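What follows is a set of notes on a single structure, which appears directly below.
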Amino acid sequence: MPSGSVIRYDGARGVVWRMKYRDATGVQVMETVGAERDGMTERRARELLADRLSDVRRKGHRKPRQLTFTAYVDETWLPECKRRRGWKSHTEAANRGSVERMRSFFGPLTLGRIRPRDVAAYIAQALDHYAPATVNLDVNVLVDVFNSAIREELVETNPALLAERPKIPRRRWRILEPAEVGKVAKALADEQMRTLFLVLVLTGIRRFEAQALRWRDVDLVDSVLRVRDSKSEDGIRSIALSPALIDALAEHKERSVYDRDGELVFCHAESGGRLNAKHFDAALRAALAAAGVDGRVRAFHDLRHTAITNDAAAGANPIAVMTKAGHSDMKTTRRYMHLAGVVFRDEAAALEQRLLGGHAATIDLAADSSSSSD
């Protein structure tokens, strides 16, 4: 039967408890189980040793490989997740961005030595430089990294799993009013930028969806725009085009030298490559100033919110709004319905009709009630 021992270590930062045992291959393992400052006791250390010896006996537990955070994410996690999960380019870029932000903090540490307090320290430090939403994304990535390491039997626990997340402030969107949309469209001197603006406010597609749009995705005969490259399966959708938008896209196609099916709808004027989002942002800021529209309008985010919120305010069916926006569930769409002040009057009347037979029947019901009280 496997045996081991618990060792007390008096270090510069206080008492630390360790356990020593041999794994299923006979290799001696020295493992730190916790410090007294974090609540670890000799009794708890002995319980953990008993669990580990049980793992050696029943599961053939072996000493984990000593990999640093940097070595694991660069050599295993990033390439394997990209291959197995089929990450899209924007997903891969976001995950690599998180890894780069965490690299200087966790990089030289071995996976097995990263503790919950280390994750808490990273969150506190990162909040001095990044927005809460960005830090939350980093923690999500860290949780995923350790879940993968657990599956590969490199670590036993996930130190990021119970991390206290920073609170994300409620988003303040600058939603353009209908009159403002018309003014800004007229103020956009560049034809391509004006057409892109109209696509964004009339369809609500996302930035990368607009940048990936190709002429084969725009059916000017059947008046349909097809989003083929999105963040999820729910984002792959077909959107009806309004008459004004059909005319704008048709004119844009006539003017563009990049008008073949496989070419980008919105592109660099000289190379035909992907349109730089900063160019549209600059053009929009100039148009907003010329149109006298106050407030900071984020080029893609706020125009998407403008489209969805005004769609809801115009009386579109909630399911239609959700589908057009490419949302995976109604929870996200409901926020836009709330912003638009949607009160579902037609649905209220339909419920009355079903339950009480309509307004006239309700009046009769009230009359009967009053007469019976006499």
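In plain terms, the chain from Arg113 to Val224 could stretch by 34.5 nm, reckoned as 0.36 nm per residue minus the Cα-Cα distance.
Taking a straight Cα-Cα cut-off under 29 Å and skipping sequence neighbours fewer than 8 places away in the same chain, the lysines within cross-link reach of Lys20 are Lys59, Lys63.
For segment 195-294, trypsin sites (Lys or Arg not before Pro) meeting the loop criterion (DSSP other than H, G, I, E, B) and having at most 13 other Cβ atoms within 10 Å: Arg260. Quick one: longest stretch of the chain between exposed loop GluC sites (Glu not before Pro), exposed meaning at most 11 other C-beta atoms within 10 Å and loop per DSSP? Excluding the exposed sites themselves, the longest stretch runs over 1-163. Does anything in segment 186-219 have its amide N under 14 Å from the 7 Å Cα→Cβ label point of Ala314, and if so which residues? 198-205, by backbone N distance to the label point.
This model, with +1 at the C-beta of Lys and Arg and -1 at the C-beta of Asp and Glu, gives segment 144-269 a dipole about its Cα centre of some 600 debye.
The separation of segment 101-153 from segment 17-81, counted between C-alpha centres, amounts to 19 Å.
Where in the chain are the DSSP H helices whose alpha-carbon span along the long axis reaches 27 Å or more and whose Kyte-Doolittle mean is at least 0.5?
Once both thresholds are applied, what remains is 132-151.
Recomputing mean projected area of the Cα convex hull in nm² from the coordinates shown identifies the correct label among [x] 17.9; [y] 19.5; [z] 31.7 as [z]. Fully extending the segment from Trp87 to Ser271, taken as 0.36 nm per residue of separation minus the present Cα-Cα distance, adds 63.6 nm.
If the chain linking Thr76 and Lys183 were pulled fully straight, counting 0.36 nm for each residue of separation and taking away their Cα-Cα distance, it would gain 33.4 nm. Helical content of the chain, expressed as a calculated mean residue ellipticity at 222 nm, amounts to -16000 deg cm²/dmol (DSSP H runs of 4 or more residues, -39,500 (n - 2.57) each, divided by residue number, nearest 500). Among the chymotrypsin sites (Phe, Trp or Tyr not before Pro) in segment 8-52, none is located in a DSSP loop while being surrounded by at most 11 other Cβ atoms within 10 Å of its own Cβ.
Structure remark: mean-square fluctuation, Gaussian network model of the chain, C-alpha springs under 10 Å; the largest value among Gly14, Gly295, Gly182 belongs to Gly14. Spin-label model, Glu254 to Ile7: label points 7 Å out along the Cα-to-beta-carbon direction sit 8.2 nm apart. Simple spin-label estimate for Lys167 and Lys331 gives 1.9 nm between the two label positions (7 Å along the Cα-to-Cβ direction from each Cα). Modelled spin labels at Ala120 and Gln28, positioned 7 Å past Cα toward Cβ, are 3.4 nm from each other.
About the Cα centre of segment 69-151, what is the dipole size in debye to 20, counting +1 per Lys and Arg Cβ and -1 per Asp and Glu Cβ, all else neutral? If you can, show how the numbers build up before the last one.
Working: 12 positive and 9 negative charges, 52 e Å.
Dipole of segment 69-151, to the nearest 20 debye: 260 debye.
Loop-located trypsin sites (Lys or Arg not before Pro) in segment 1-60 (DSSP state other than H, G, I, E, B) with a sparse environment of at most 11 neighbouring Cβ atoms within 10 Å: Arg13.
Here, each number is a calculation from the coordinates, and none is a lab measurement. The shown structure was predicted, so the numbers you read here are calculated from the model rather than taken from an experiment. Virtual Cβ from ideal backbone geometry, glycine too; neighbours counted across all protein chains shown.
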